[in-house]
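One structure is given here, and the rest of the page talks about it.
The values are calculated or read from the model by the stated rules, or taken from the named source; none is laboratory data. Keep in mind that what you see is a predicted model, and the values were worked out from it rather than measured. Here the Cβ is made from the backbone with ideal geometry for all residues, glycine too, and neighbour counts use every protein chain on show. With ligands, DNA and RNA removed, areas are computed over all heavy atoms of the protein, side chains included. Shrake-Rupley method; radii C 1.70, N 1.55, O 1.52, S 1.80 Å.
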Amino acid sequence: MSHILFVGIDVSSKNNVVCCLPEGDSAKSLSRFTVTNDEPGVLALQERILALMQKHELSSIRFGLEATGCYSSHLARYLEHVLSFMPYEHSVYVFNPSLIKVFKKSHFLDAPKNDRVDAWFIAAKLRSGHLPRAFTWSETNAALQRLCRTRFHVTQCLTRETNFLLTNLFLKFSSYSVGPFGKKTSATSLAVMEHFASVETLIDMPVEDLVAFVAGCGKNRFENPQEVAQALQKAARASYRLPKAMADAVNLAMASNIRVIRSLQEQAKSLQKAIEEHLATIPQTLTSVPGIGPIFAAGLISEIGDIQRFPNQMALAKYAGLAWTESQSGDFKGVESRLIKSGNRYLKYYFTEAAKSVQVHDTVFAQYFSLKAAEPAKYAEKRALALTARKLVRLVDYLLRTNRLYEPREVIRQHG
(Lines give C-alpha, C1' and ligand atoms only; values in the text may rest on other atoms or scores of the structure.)
Protein backbone atom coordinates (compact mmCIF):
# COMPACT_ATOMS: atom_id res chain seq x y z
CA MET A 1 0.00 0.00 0.00
CA SER A 2 1.39 3.42 -0.89
CA HIS A 3 1.68 5.94 1.92
CA ILE A 4 3.31 9.07 0.50
CA LEU A 5 1.84 11.46 -2.05
CA PHE A 6 4.43 13.32 -4.13
CA VAL A 7 3.09 16.67 -5.33
CA GLY A 8 5.10 18.48 -8.01
CA ILE A 9 4.10 22.07 -8.70
CA ASP A 10 5.30 24.10 -11.69
CA VAL A 11 4.99 27.73 -10.65
CA SER A 12 4.34 30.75 -12.87
CA SER A 13 3.16 34.29 -12.20
CA LYS A 14 -0.49 33.43 -12.96
CA ASN A 15 -0.97 29.66 -12.51
CA ASN A 16 0.41 26.66 -10.64
CA VAL A 17 0.33 23.37 -12.56
CA VAL A 18 0.12 20.39 -10.20
CA CYS A 19 1.06 16.73 -10.72
CA CYS A 20 0.50 14.10 -7.99
CA LEU A 21 2.45 10.83 -8.11
CA PRO A 22 2.14 7.75 -5.88
CA GLU A 23 5.02 5.74 -4.45
CA GLY A 24 6.72 3.23 -6.72
CA ASP A 25 7.86 3.49 -10.32
CA SER A 26 4.54 4.21 -11.94
CA ALA A 27 4.64 7.05 -14.46
CA LYS A 28 0.89 7.45 -14.19
CA SER A 29 -0.22 10.37 -12.04
CA LEU A 30 -3.01 10.13 -9.48
CA SER A 31 -4.19 13.61 -10.38
CA ARG A 32 -3.28 16.59 -12.55
CA PHE A 33 -4.85 20.01 -12.24
CA THR A 34 -4.11 23.73 -12.46
CA VAL A 35 -4.90 26.42 -9.89
CA THR A 36 -4.31 30.15 -9.92
CA ASN A 37 -1.21 31.49 -8.17
CA ASP A 38 -3.08 33.43 -5.49
CA GLU A 39 -4.78 32.76 -2.16
CA PRO A 40 -8.02 31.27 -3.60
CA GLY A 41 -5.87 29.05 -5.80
CA VAL A 42 -3.74 27.70 -2.96
CA LEU A 43 -6.88 27.06 -0.87
CA ALA A 44 -8.31 25.08 -3.80
CA LEU A 45 -5.00 23.17 -3.93
CA GLN A 46 -5.30 22.33 -0.24
CA GLU A 47 -8.85 21.05 -0.69
CA ARG A 48 -7.98 18.82 -3.64
CA ILE A 49 -4.89 17.37 -1.98
CA LEU A 50 -6.82 16.51 1.21
CA ALA A 51 -9.53 14.83 -0.87
CA LEU A 52 -6.87 12.84 -2.71
CA MET A 53 -5.22 11.76 0.54
CA GLN A 54 -8.53 10.50 1.90
CA LYS A 55 -9.52 8.74 -1.32
CA HIS A 56 -6.26 6.75 -1.60
CA GLU A 57 -5.75 6.29 2.16
CA LEU A 58 -2.31 7.91 2.20
CA SER A 59 -0.42 9.10 5.27
CA SER A 60 2.00 11.88 4.31
CA ILE A 61 2.61 14.49 1.62
CA ARG A 62 5.75 15.84 0.01
CA PHE A 63 5.37 19.07 -1.91
CA GLY A 64 8.03 20.13 -4.38
CA LEU A 65 8.44 23.31 -6.42
CA GLU A 66 11.23 25.21 -8.12
CA ALA A 67 12.67 28.39 -6.65
CA THR A 68 11.29 31.04 -8.99
CA GLY A 69 11.92 34.17 -6.94
CA CYS A 70 8.86 36.09 -5.81
CA TYR A 71 6.47 33.82 -7.76
CA SER A 72 7.18 30.79 -5.55
CA SER A 73 7.62 32.60 -2.22
CA HIS A 74 3.93 32.88 -1.26
CA LEU A 75 3.14 29.32 -2.32
CA ALA A 76 6.05 27.82 -0.36
CA ARG A 77 5.13 29.84 2.73
CA TYR A 78 1.45 28.90 2.59
CA LEU A 79 2.22 25.19 2.11
CA GLU A 80 4.76 25.07 4.95
CA HIS A 81 3.52 27.64 7.44
CA VAL A 82 -0.07 28.79 6.82
CA LEU A 83 -2.18 25.86 5.58
CA SER A 84 -3.03 22.81 7.64
CA PHE A 85 -3.01 19.33 6.13
CA MET A 86 -3.91 17.55 9.35
CA PRO A 87 -4.06 14.70 10.12
CA TYR A 88 -1.42 14.09 7.45
CA GLU A 89 2.26 14.86 7.83
CA HIS A 90 3.65 17.12 5.14
CA SER A 91 6.95 18.70 4.10
CA VAL A 92 7.90 21.22 1.43
CA TYR A 93 11.01 21.18 -0.79
CA VAL A 94 12.13 24.11 -2.90
CA PHE A 95 14.50 23.02 -5.68
CA ASN A 96 17.14 24.93 -7.52
CA PRO A 97 15.80 24.88 -11.12
CA SER A 98 19.15 23.58 -12.36
CA LEU A 99 18.64 20.38 -10.31
CA ILE A 100 15.32 19.68 -12.01
CA LYS A 101 16.89 20.43 -15.40
CA VAL A 102 19.70 17.93 -14.80
CA PHE A 103 17.27 15.32 -13.43
CA LYS A 104 15.05 15.76 -16.48
CA LYS A 105 17.97 15.31 -18.91
CA SER A 106 19.22 12.25 -17.06
CA HIS A 107 15.91 10.47 -17.72
CA PHE A 108 14.77 11.82 -21.08
CA LEU A 109 17.16 13.71 -23.34
CA ASP A 110 14.38 14.86 -25.64
CA ALA A 111 11.64 15.54 -23.10
CA PRO A 112 9.40 18.44 -24.14
CA LYS A 113 9.41 21.70 -22.19
CA ASN A 114 5.97 22.61 -20.89
CA ASP A 115 4.30 23.14 -17.52
CA ARG A 116 2.63 19.72 -17.32
CA VAL A 117 5.87 17.87 -18.07
CA ASP A 118 7.85 20.04 -15.64
CA ALA A 119 5.34 19.40 -12.84
CA TRP A 120 5.68 15.64 -13.45
CA PHE A 121 9.48 15.79 -13.26
CA ILE A 122 9.36 17.81 -10.03
CA ALA A 123 7.13 15.14 -8.49
CA ALA A 124 9.42 12.41 -9.86
CA LYS A 125 12.44 14.15 -8.33
CA LEU A 126 10.65 14.18 -4.97
CA ARG A 127 10.00 10.47 -5.33
CA SER A 128 13.60 9.66 -6.30
CA GLY A 129 15.08 10.89 -3.01
CA HIS A 130 18.37 12.81 -2.50
CA LEU A 131 16.32 15.81 -1.50
CA PRO A 132 17.57 19.21 -0.32
CA ARG A 133 16.80 20.51 3.16
CA ALA A 134 13.08 20.86 3.76
CA PHE A 135 11.81 24.41 3.40
CA THR A 136 11.15 26.30 6.63
CA TRP A 137 9.86 29.83 7.12
CA SER A 138 10.40 32.35 9.92
CA GLU A 139 8.73 35.75 9.87
CA THR A 140 11.63 37.41 11.71
CA ASN A 141 14.25 35.92 9.42
CA ALA A 142 12.23 36.59 6.27
CA ALA A 143 11.85 40.25 7.19
CA LEU A 144 15.57 40.60 7.91
CA GLN A 145 16.44 38.84 4.65
CA ARG A 146 14.20 41.20 2.67
CA LEU A 147 15.93 44.22 4.23
CA CYS A 148 19.42 42.80 3.61
CA ARG A 149 18.71 41.84 0.02
CA THR A 150 17.20 45.26 -0.67
CA ARG A 151 20.31 46.95 0.73
CA PHE A 152 22.45 44.63 -1.39
CA HIS A 153 20.47 45.70 -4.45
CA VAL A 154 20.83 49.40 -3.54
CA THR A 155 24.59 49.12 -3.00
CA GLN A 156 24.98 47.31 -6.33
CA CYS A 157 23.06 50.11 -8.04
CA LEU A 158 25.20 52.65 -6.20
CA THR A 159 28.36 50.98 -7.48
CA ARG A 160 27.10 51.05 -11.07
CA GLU A 161 26.06 54.69 -10.82
CA THR A 162 29.40 55.61 -9.26
CA ASN A 163 31.34 53.87 -12.01
CA PHE A 164 29.32 55.71 -14.65
CA LEU A 165 29.88 59.01 -12.85
CA LEU A 166 33.64 58.42 -12.85
CA THR A 167 33.67 58.02 -16.64
CA ASN A 168 32.07 61.45 -17.02
CA LEU A 169 34.29 62.86 -14.30
CA PHE A 170 37.41 61.92 -16.26
CA LEU A 171 36.09 63.88 -19.23
CA LYS A 172 35.37 66.93 -17.11
CA PHE A 173 38.28 66.75 -14.66
CA SER A 174 40.78 64.15 -15.90
CA SER A 175 43.24 64.52 -12.99
CA TYR A 176 40.60 64.38 -10.25
CA SER A 177 41.80 60.93 -9.20
CA VAL A 178 45.10 62.43 -7.95
CA GLY A 179 43.22 65.11 -6.03
CA PRO A 180 42.61 65.22 -2.28
CA PHE A 181 39.47 63.06 -2.05
CA GLY A 182 39.97 59.35 -1.44
CA LYS A 183 36.23 58.67 -1.69
CA LYS A 184 34.95 60.27 -4.86
CA THR A 185 31.30 60.11 -3.76
CA SER A 186 31.79 61.82 -0.38
CA ALA A 187 29.56 64.86 0.27
CA THR A 188 32.38 67.34 -0.31
CA SER A 189 33.61 65.61 -3.45
CA LEU A 190 30.11 65.56 -4.99
CA ALA A 191 29.68 69.23 -4.09
CA VAL A 192 32.90 70.10 -5.94
CA MET A 193 31.79 68.17 -9.03
CA GLU A 194 28.40 69.89 -8.98
CA HIS A 195 29.47 73.45 -8.15
CA PHE A 196 32.23 74.00 -10.69
CA ALA A 197 31.15 74.01 -14.33
CA SER A 198 34.71 73.52 -15.57
CA VAL A 199 38.29 73.15 -14.37
CA GLU A 200 38.91 76.75 -15.48
CA THR A 201 36.26 77.97 -13.01
CA LEU A 202 37.99 76.11 -10.20
CA ILE A 203 41.45 77.35 -11.21
CA ASP A 204 40.30 80.99 -11.39
CA MET A 205 38.60 80.91 -7.99
CA PRO A 206 40.63 82.73 -5.27
CA VAL A 207 42.25 80.24 -2.91
CA GLU A 208 40.62 81.89 0.12
CA ASP A 209 37.14 81.42 -1.38
CA LEU A 210 37.92 77.81 -2.34
CA VAL A 211 39.17 77.12 1.21
CA ALA A 212 35.90 78.50 2.62
CA PHE A 213 33.89 76.39 0.14
CA VAL A 214 35.76 73.19 1.06
CA ALA A 215 35.50 73.89 4.81
CA GLY A 216 31.76 74.58 4.53
CA CYS A 217 30.99 71.48 2.45
CA GLY A 218 33.17 69.36 4.73
CA LYS A 219 31.53 70.82 7.85
CA ASN A 220 34.97 71.76 9.17
CA ARG A 221 36.09 68.12 9.29
CA PHE A 222 39.25 68.70 7.24
CA GLU A 223 42.36 69.27 9.36
CA ASN A 224 43.87 71.54 6.72
CA PRO A 225 41.27 72.79 4.20
CA GLN A 226 43.89 74.99 2.53
CA GLU A 227 45.91 71.92 1.52
CA VAL A 228 42.73 70.39 0.10
CA ALA A 229 41.99 73.55 -1.92
CA GLN A 230 45.54 73.76 -3.26
CA ALA A 231 45.51 70.06 -4.22
CA LEU A 232 42.23 70.58 -6.10
CA GLN A 233 43.61 73.51 -8.08
CA LYS A 234 46.82 71.62 -8.85
CA ALA A 235 44.80 68.68 -10.21
CA ALA A 236 42.61 71.07 -12.20
CA ARG A 237 45.61 72.72 -13.85
CA ALA A 238 46.88 69.28 -14.95
CA SER A 239 43.54 68.24 -16.49
CA TYR A 240 42.47 68.26 -20.12
CA ARG A 241 40.21 71.06 -21.30
CA LEU A 242 36.79 70.41 -22.84
CA PRO A 243 35.04 72.47 -25.54
CA LYS A 244 31.92 74.24 -24.25
CA ALA A 245 29.27 72.12 -25.99
CA MET A 246 30.88 68.94 -24.71
CA ALA A 247 31.31 70.45 -21.23
CA ASP A 248 27.59 71.34 -21.05
CA ALA A 249 26.60 67.79 -22.01
CA VAL A 250 28.98 66.25 -19.46
CA ASN A 251 27.76 68.58 -16.69
CA LEU A 252 24.13 67.64 -17.40
CA ALA A 253 25.01 63.92 -17.35
CA MET A 254 26.95 64.30 -14.09
CA ALA A 255 24.15 66.27 -12.44
CA SER A 256 21.74 63.45 -13.24
CA ASN A 257 24.21 60.89 -11.90
CA ILE A 258 24.81 62.80 -8.69
CA ARG A 259 21.08 63.11 -7.93
CA VAL A 260 20.69 59.33 -8.29
CA ILE A 261 23.79 58.66 -6.15
CA ARG A 262 22.58 60.92 -3.34
CA SER A 263 19.18 59.25 -3.40
CA LEU A 264 20.78 55.78 -3.25
CA GLN A 265 23.05 56.87 -0.42
CA GLU A 266 20.02 58.01 1.58
CA GLN A 267 18.22 54.74 0.89
CA ALA A 268 21.28 52.74 1.98
CA LYS A 269 21.46 54.69 5.25
CA SER A 270 17.75 54.16 5.91
CA LEU A 271 18.03 50.43 5.22
CA GLN A 272 21.14 50.11 7.38
CA LYS A 273 19.30 51.69 10.31
CA ALA A 274 16.34 49.32 9.86
CA ILE A 275 18.69 46.30 9.63
CA GLU A 276 20.53 47.29 12.80
CA GLU A 277 17.24 47.75 14.68
CA HIS A 278 15.97 44.39 13.46
CA LEU A 279 19.22 42.61 14.29
CA ALA A 280 19.09 44.00 17.84
CA THR A 281 16.03 41.81 18.50
CA ILE A 282 17.85 38.60 17.46
CA PRO A 283 20.23 36.90 19.94
CA GLN A 284 23.56 36.41 18.15
CA THR A 285 27.30 36.54 18.79
CA LEU A 286 28.65 37.10 15.28
CA THR A 287 29.31 40.77 15.96
CA SER A 288 31.84 39.72 18.62
CA VAL A 289 34.17 38.77 15.75
CA PRO A 290 36.46 41.72 14.86
CA GLY A 291 35.50 42.98 11.43
CA ILE A 292 31.92 41.63 11.44
CA GLY A 293 29.53 44.51 12.01
CA PRO A 294 25.73 44.55 12.07
CA ILE A 295 25.39 44.50 8.26
CA PHE A 296 27.58 41.44 7.72
CA ALA A 297 26.06 39.67 10.74
CA ALA A 298 22.52 40.38 9.56
CA GLY A 299 23.31 39.24 6.02
CA LEU A 300 24.84 35.96 7.23
CA ILE A 301 22.04 35.23 9.71
CA SER A 302 19.22 36.08 7.26
CA GLU A 303 20.59 33.82 4.52
CA ILE A 304 21.56 30.92 6.81
CA GLY A 305 18.34 30.91 8.83
CA ASP A 306 18.17 28.10 11.36
CA ILE A 307 21.68 26.64 11.59
CA GLN A 308 20.19 23.26 12.52
CA ARG A 309 19.06 22.93 8.90
CA PHE A 310 22.69 22.08 8.13
CA PRO A 311 24.12 18.83 9.52
CA ASN A 312 27.64 20.29 9.67
CA GLN A 313 29.83 23.16 8.55
CA MET A 314 30.65 21.40 5.28
CA ALA A 315 26.99 21.48 4.28
CA LEU A 316 26.86 25.17 5.15
CA ALA A 317 29.96 25.84 3.02
CA LYS A 318 28.40 24.04 0.06
CA TYR A 319 25.18 26.02 0.46
CA ALA A 320 27.30 29.20 0.40
CA GLY A 321 29.12 28.10 -2.76
CA LEU A 322 32.42 27.87 -0.86
CA ALA A 323 33.29 24.30 -1.77
CA TRP A 324 35.62 23.06 -4.46
CA THR A 325 35.05 20.69 -7.37
CA GLU A 326 37.20 17.57 -7.76
CA SER A 327 38.73 16.29 -11.01
CA GLN A 328 39.82 12.68 -10.63
CA SER A 329 39.79 9.60 -12.85
CA GLY A 330 41.78 6.39 -12.23
CA ASP A 331 45.29 7.38 -11.19
CA PHE A 332 44.82 10.93 -12.39
CA LYS A 333 43.96 13.67 -9.95
CA GLY A 334 43.71 17.28 -11.09
CA VAL A 335 45.99 19.73 -9.31
CA GLU A 336 43.71 22.72 -9.79
CA SER A 337 40.14 22.84 -8.59
CA ARG A 338 37.50 25.52 -8.88
CA LEU A 339 34.75 26.74 -6.61
CA ILE A 340 31.40 25.15 -7.32
CA LYS A 341 29.01 27.27 -9.36
CA SER A 342 25.93 26.48 -7.28
CA GLY A 343 25.09 27.96 -3.91
CA ASN A 344 23.36 30.97 -2.42
CA ARG A 345 24.95 34.00 -4.09
CA TYR A 346 23.94 36.37 -1.31
CA LEU A 347 25.47 34.16 1.37
CA LYS A 348 28.64 33.77 -0.69
CA TYR A 349 28.84 37.56 -1.01
CA TYR A 350 28.48 38.12 2.74
CA PHE A 351 31.04 35.45 3.64
CA THR A 352 33.53 36.85 1.11
CA GLU A 353 33.07 40.49 2.11
CA ALA A 354 33.16 39.60 5.80
CA ALA A 355 36.38 37.63 5.23
CA LYS A 356 37.96 40.74 3.67
CA SER A 357 37.09 42.73 6.76
CA VAL A 358 37.98 40.07 9.35
CA GLN A 359 41.44 39.43 7.89
CA VAL A 360 42.16 43.15 8.39
CA HIS A 361 40.93 43.34 12.00
CA ASP A 362 41.81 39.91 13.44
CA THR A 363 45.41 38.70 13.76
CA VAL A 364 44.61 34.99 13.39
CA PHE A 365 42.73 35.51 10.13
CA ALA A 366 45.33 38.05 8.95
CA GLN A 367 48.10 35.49 9.41
CA TYR A 368 46.08 32.83 7.62
CA PHE A 369 45.31 35.14 4.69
CA SER A 370 48.97 36.19 4.37
CA LEU A 371 50.11 32.57 4.47
CA LYS A 372 47.73 31.53 1.70
CA ALA A 373 48.45 34.63 -0.39
CA ALA A 374 52.18 33.83 -0.28
CA GLU A 375 51.68 30.33 -1.70
CA PRO A 376 52.66 29.98 -5.37
CA ALA A 377 49.32 29.60 -7.10
CA LYS A 378 47.20 31.11 -9.84
CA TYR A 379 45.19 34.12 -8.70
CA ALA A 380 46.88 33.99 -5.27
CA GLU A 381 44.90 36.89 -3.75
CA LYS A 382 41.50 35.59 -4.91
CA ARG A 383 42.42 32.09 -3.80
CA ALA A 384 43.54 33.35 -0.40
CA LEU A 385 40.30 35.29 0.05
CA ALA A 386 38.17 32.25 -0.90
CA LEU A 387 40.09 30.06 1.56
CA THR A 388 39.74 32.73 4.27
CA ALA A 389 36.00 32.87 3.61
CA ARG A 390 35.87 29.08 3.89
CA LYS A 391 37.68 29.31 7.23
CA LEU A 392 35.14 31.91 8.33
CA VAL A 393 32.33 29.45 7.51
CA ARG A 394 33.66 27.11 10.22
CA LEU A 395 33.76 29.94 12.74
CA VAL A 396 30.27 31.23 11.92
CA ASP A 397 28.86 27.69 12.07
CA TYR A 398 30.42 27.19 15.53
CA LEU A 399 29.20 30.52 16.92
CA LEU A 400 25.65 30.03 15.65
CA ARG A 401 25.43 26.52 17.09
CA THR A 402 26.92 27.39 20.49
CA ASN A 403 25.80 31.04 20.79
CA ARG A 404 29.19 31.76 22.39
CA LEU A 405 31.27 34.90 22.07
CA TYR A 406 34.29 34.85 19.80
CA GLU A 407 37.50 33.82 21.55
CA PRO A 408 40.36 33.50 19.02
CA ARG A 409 42.50 31.00 20.91
CA GLU A 410 39.65 28.68 21.83
CA VAL A 411 37.43 28.93 18.76
CA ILE A 412 39.88 29.36 15.91
CA ARG A 413 42.50 26.87 17.03
CA GLN A 414 40.00 24.14 17.85
CA HIS A 415 37.56 24.71 15.00
CA GLY A 416 39.52 26.72 12.39
**Request:** Just the ratio, please: alpha-carbon radius of gyration of segment 128-168 over 2.2 N^0.38 Å, N its number of residues.
**Result:** 1.96
**For the chain, accessible area per residue (1.4 Å probe, heavy atoms of protein chains only), Å²** = 55 Å²
**Complete:** Highest mean packing first, using Cβ neighbours within 10 angstrom, the peptides 237-245, 74-82 sort as 74-82, 237-245
**Fill in**
Normalised per residue, the volume inside the convex hull of the alpha-carbon atoms of segment 107-157 in Å³ amounts to 168 Å³
**Message:** Within segment 162-188, list the residues whose amide N lies under 18 Å from a label point set 7 Å along Cα→Cβ of Asn220.
**Reply:** 188
**Message:** To make sure I understand the rule: partners must be lysines, Cα under 26 Å from the Cα of Lys244, and not fewer than 8 residues away in the same chain. Which ones qualify?
**Reply:** Lys172, Lys184, Lys234
**Request:** Excluding residues fewer than 8 places away in the same chain, name every one of the lysines whose C-alpha is closer than 24 Å to that of Lys28.
**Result:** Lys55, Lys101, Lys104, Lys105, Lys113, Lys125
**Message:** What number do you get for segment 203-344 when its Cα radius of gyration is normalised by 2.2 N^0.38 Å, N = residues?
**Reply:** 1.78
**Modelled label reach - His107, point 7 Å along Cα→Cβ, segment 12-47 residues with backbone N closer than 14 Å** = 19-30
**Request:** As a check on your grasp of the helix formula, calculate [θ] at 222 nm for the chain: sum -39500 (n - 2.57) over DSSP H runs of n ≥ 4, divide by the residue count, round to the nearest 500.
**Result:** -18000 deg cm²/dmol
**Asked** Calculated from the structure, Cα extents along the principal axes in Å equals which of (1) 92, 52, 48; (2) 89, 54, 44; (3) 64, 43, 42?
**Response** (1)
**Prompt:** How far apart, in nm, are the 7 Å Cα→Cβ label points at Ala51 and Asn96?
**Reply:** 3.8 nm
**Mean separation of Cα contacts under 8 Å (6+ apart) over length of the chain, as relative contact order %** = 12 percent
**Request:** Step through the residues of segment 298-306 one at a time and calculate ³J(HN,Hα) from phi using the Karplus curve (6.51 cos²θ - 1.76 cosθ + 1.60, θ = phi - 60°), rounding each to whole Hz and writing x for Gly and Pro.
**Result:** 5, x, 5, 5, 5, 7, 6, x, 6
**Prompt:** If you wrap a convex hull around the Cα atoms of segment 5-102, how much volume per residue is inside, in Å³?
**Reply:** 95 Å³
**Simple spin-label estimate for Tyr88 and Lys341 in nanometres, 7 Å along Cα-Cβ** = 3.8 nm
**Asked** For the chain, modelled as a Gaussian network with Cα springs under 10 Å, which listed residue fluctuates most, Gln145, Gln272, Gln367?
**Response** Gln367
**Message:** Can you list residues from other chains, or at least 5 along the same chain, whose modelled amide H is less than 5 Å from the amide H of Asn37?
**Reply:** Asn15, Asn16
**Asked** With labels modelled as points extended 7 Å from the Cα through the Cβ direction, what inter-label distance (nm, one decimal) is found for Asp25 paired with Leu166?
**Response** 6.0 nm
**Prompt:** Among Glu39, Glu353, Glu66, which one moves the most in a GNM of the chain with springs linking Cα atoms closer than 10 Å?
**Reply:** Glu39
**Message:** When 1/r is averaged over all different Cα pairs and the result inverted, which Kirkwood radius in Å belongs to segment 166-287?
**Reply:** 16.1 Å
**Asked** Given H placed on each backbone N at 1.01 Å, which residues far from Gly321 in sequence or on other chains put an amide H within less than 5 Å of it?
**Response** Asn344
**Accessible surface of the chain, 1.4 Å probe, proportion on carbon and sulfur as whole %** = 53 percent
**Asked** Ordered by residue, what ³J(HN,Hα) values in Hz, to whole numbers, does segment 40-45 give under the Karplus form 6.51 cos²θ - 1.76 cosθ + 1.60, where θ = phi - 60° and Gly and Pro are x?
**Response** x, x, 6, 5, 5, 4
**Fill in**
With all protein chains in place and a 1.4 Å probe, Trp137 shows an accessible area in Å² (nearest 10) of 70 Å²
**Message:** What FRET efficiency comes out for Leu252 versus Val178 if R0 is 25 angstrom and r is the Cβ-Cβ distance? Round to the nearest 0.05.
**Reply:** 0.45
**Prompt:** In terms of modelled amide H atoms, which long-range or inter-chain residues lie less than 5 Å from the amide H of Ala134?
**Reply:** none
